[in-house]
Amino acid sequence: MLDIKLIREEPELVRKNLEKRKKPDYNKMLNDLITKDEAWRNIKIEVDALRQKRNQLTNSIKSLKKEGKTDQISQVLNEAKQIPDKIKNLEKKQLIIESERNSLLLTLPNLLHETVPYGEDDSGNMVEKTGGSKQSFSFTPRSHIDIVEGIKGADIERAAKTSGARFYFLMDELVQLEFAIIQHAIKLLTKRGYHLVVPPTLVKGKIMEGGGFLPTYRDDVYKIEDEDLFLVGTSEAPLVGMHANEILYQDDFPIRYAGFSTCFRTEAGAHGKDTKGIFRTHHFEKIEQISITNPENSWKEHDYLFETAEMFWQSLEIPYRKVNICTGDIGLVAAKKFDLEGWYPSQNAYRELVSTSNCTDFQARRLKIRFREKDGMPTKICHTLNSTVIAIQRGLTCILENNQKEDGSIKVPKVLQQYVDFKEITPKI
RNA sequence: GCCGAGGUGGCACAGCCUGGUACUGCGCGAGACUGGAAAUCUCGUGAGACUUCGGUCUCACAGGAGUUCAAAUCUCCUCCUCGGCGCCA
């Protein structure tokens, strides 16, 4: 959420930033918002004046009573009785216009950082670096879909029976690999100063709104019937919500969490995309990092989170690249976003494995996550950041493709071998 | 799920019965005193609107509704925390 004061004082600065996104709706929304806010302030002036009048009369009734001038009271009382209805009517108007204003405020996206490349869609994303080395295959590399089928790493047909499309039963060696990945990640993350967390995967509407998942991305998440609870699409939601309405101390920054949770996504609007295998599913496990810090350090922290993800993928020897996501592709919440894309030899393409966002004060303002520099000093709004470490199922697809051998077997990456009782996975008949 | 006790500023606590400007302490800030500091004293301390930048006004006691000229205080509803009982992986 943007600061309403900034919109009042520097509307043109906000407008220019919104224009980078090439969505004319935002311009209209901003105008609407400014009009609504002016109307709100006018009503407030009026209603404040009425309350002032009422308070004055109330006080004079009190002092007349004290002085025993009972004969004068009824006159003042009559005058005072006129006021509450007027206040009530105006308050009703004010409340309506305030909620209209606030819902506009909730729908406007974050301000983009100046280093975000300009572009209309994902073709405008900028590759900033590449890492790892692609191996040359002496055969045509199989797709992760075929590999998973070959090693019977997931039972997708039976999952269709129990749950429908885009579900899977993860099986045998892939289950072991999942836990190996988790162990490996925990080692790295604790060394890098993260608290480990298994958060709730059901989260209240207010918290989802605070994280920026609602109202804009309502269609992407599942809701529990008859309850104010949503299944999280990422543990970012509970982890950022964790400190809602709190006042933190600057000395504790950065507060870094590594969360492990199941994630649920409707994948609305993804019909026909990556329909097979375990690449894009309705539920998956993910290790996520989030960080809370002060505005001065958040850009440094953005690099730190990406570096953590990068170290993780380097340790698995996956060829990757770092991409700076452009203005047209970045989404509502982030002021700047890096993706880490992994190499998929069968597709001859890089695909997204990691997203690292600096959300600046956008989430923290909605969630009222504040901090003080020192005891007794005024509160300021924190910056929040998040980054994937690995979405396990998606990550597995990339690991499988890059470690395949001609006979269809899969080498287990070196760093994971200590956690499993096999060095390779062989195809099943 | 049932019974009981609670929820007041950043923190701690009073006020609630008997409606009438939210007490006090800690923390923090400014000033005074001092060679400097501590101690002490004075003033200030949240959110919002207006402002001629001197101030002015409104709101804020878990949330909501009601009674009233006036609600932290009275009435009703809801939520949350703690304790006890029940159920339970």
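Taking the criterion of being within 16 Å of RNA strand B (Cβ to nearest atom) and not charged (D, E, K, R), would at least one residue in segment A:345-364 satisfy it? Looking through segment A:345-364, at least one residue is within 16 Å of RNA strand B (Cβ to nearest atom) and not charged (D, E, K, R). Residues in segment A:55-64 that are of a type outside the set (Val, Ile, Thr), near RNA strand B (Cβ under 8 Å from one of its atoms) and open to solvent by 40 Å² or more (accessible area, probe 1.4 Å): A:Asn55, A:Gln56, A:Asn59, A:Lys62. Just one of the listed residues (A:Gly241, A:Gly193, A:Gly212) is open to solvent by 40 Å² or more (accessible area, probe 1.4 Å) and assigned by TED's automatic domain parsing to the domain that holds A:Phe312, and it is A:Gly193.
Exactly one residue out of A:Ile151, A:Ile147, A:Ile182, A:Ile186 is under 24 Å from A:Glu317 (Cα atoms), in contact with a Lys or Arg (Cβ under 8 Å, 6 or more places away or on another chain) and not charged (D, E, K, R): that is A:Ile151. Filtering segment A:365-381 for residues that are within 16 Å of RNA strand B (Cβ to nearest atom), touching a residue at least 24 places away in the same chain (Cβ under 8 Å), surrounded by 22 or more Cβ atoms within 10 Å (Cβ to Cβ) and of a type in the set (Val, Ile, Thr) leaves a non-empty set. Taking the criterion of being in the same structural domain as A:Lys273 (by TED's automatic domain parsing) and over 29 Å from A:Thr426 (Cβ atoms), would at least one residue in segment A:138-156 satisfy it? Taking every residue of segment A:138-156 in turn, none turns out to be in the same structural domain as A:Lys273 (by TED's automatic domain parsing) and over 29 Å from A:Thr426 (Cβ atoms).
Of all residues in segment A:32-55, those that are under 17 Å from A:Arg101 (Cα atoms) have Cβ atoms under 9 Å from Cβ atoms of residues that are within 7 Å of RNA strand B (Cβ to nearest atom) and open to solvent by less than 70 Å² (accessible area, probe 1.4 Å), 6 or more apart or on another chain, in A:Leu33/A:Ile4; A:Asp37/A:Ile4. Of the residues in segment A:115-132, none is exposed (fewer than 12 other Cβ atoms within 10 Å of the Cβ) and more than 20 Å from A:Ser355 (Cβ to Cβ). Filtering A:Gln75, A:Gln52, A:Gln94 for residues that are near RNA strand B (Cβ under 8 Å from one of its atoms) and not in a strand (DSSP E or B) leaves a single hit, A:Gln52. Taking segment A:18-30 as the search range and keeping residues that are surrounded by 13 or more Cβ atoms within 10 Å (Cβ to Cβ) and in a helix (DSSP H, G or I), which one is farthest from RNA strand B (Cβ to nearest atom)? The residue in question is A:Glu19.
Candidates in segment A:140-150 are the residues that are open to solvent by less than 60 Å² (accessible area, probe 1.4 Å) and farther than 13 Å from A:Asn403 by Cα; of these, the one that is nearest to the chain's Cα centre (by Cα) is A:Ile145.
The values are calculated or read from the model by the stated rules, or taken from the named source; none is laboratory data. Quick caveat: nothing in here was measured; it's all calculated off a predicted structure. Every residue, glycine as well, gets a Cβ built from its backbone with ideal geometry; the counts of neighbours run over all protein chains shown. The protein model used for the area step is the full one, side chains on, heavy atoms only, and it has no ligands, DNA or RNA in it. Shrake-Rupley method; radii C 1.70, N 1.55, O 1.52, S 1.80 Å.
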